[in-house]
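Step one of this worksheet: look at the structure below.
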Amino acid sequence: MNSDQKKWGKSDHLTYLEIRPEAYKDTSKILQKNLVCSNCDHTVTTVSQRIEIWACHEYTFGNLGYPVRLGCFLEAPGCIGVENISHGYSWFKGYAWQIQLCQNCYFQLGWKYMSPENSFFGLIFGALEEQDPEAEQTIDTE
């Protein structure tokens, strides 16, 4: 098993997953957290973009015998789609999909799923890290 395959099944480092969705209203600090690429720290999305597809946010799928744990997000502006859109072998029936990479380092972050009704991003938990907004690096222009 290579290191990418090990990461794809990992989610224990994401603290937002431990909080029930109904509690998010009272925890605005959690909603503000950025989810960044675990390879380069480029901002991918925020916890506030978390959504449920078919009443779940988290999914685990098998990929060549290894677990892939992912979460569903409405938007992921830090991703870039690559390759053609595929209509076959989708983990979400009725959705086409496209591989999504980090815009900064091209590390695979997940997939964008598209149907005639809607679209969402399935992002691999192991490819993401949490970061507080105030922890973002700023460029000193002086």
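For segment 40-124, the equivalent ellipsoid built from the Cα gyration tensor has semi-axes of 18, 15, 14 Å, listed from largest to smallest. Let's test the formula: R0 of 25 Å, r as the Cβ-Cβ distance of TYR66 and HIS42. What FRET efficiency results, to the nearest 0.05? Rounded to the nearest 0.05, the efficiency is 0.55.
Each reported figure results from applying straightforward, stated rules to the coordinates on display, with no laboratory input. Predicted model only: the values in this text are computed from it and were never measured. In this analysis, Cβ positions are derived from the backbone assuming ideal geometry, glycine residues included, and neighbour counts consider all displayed protein chains.
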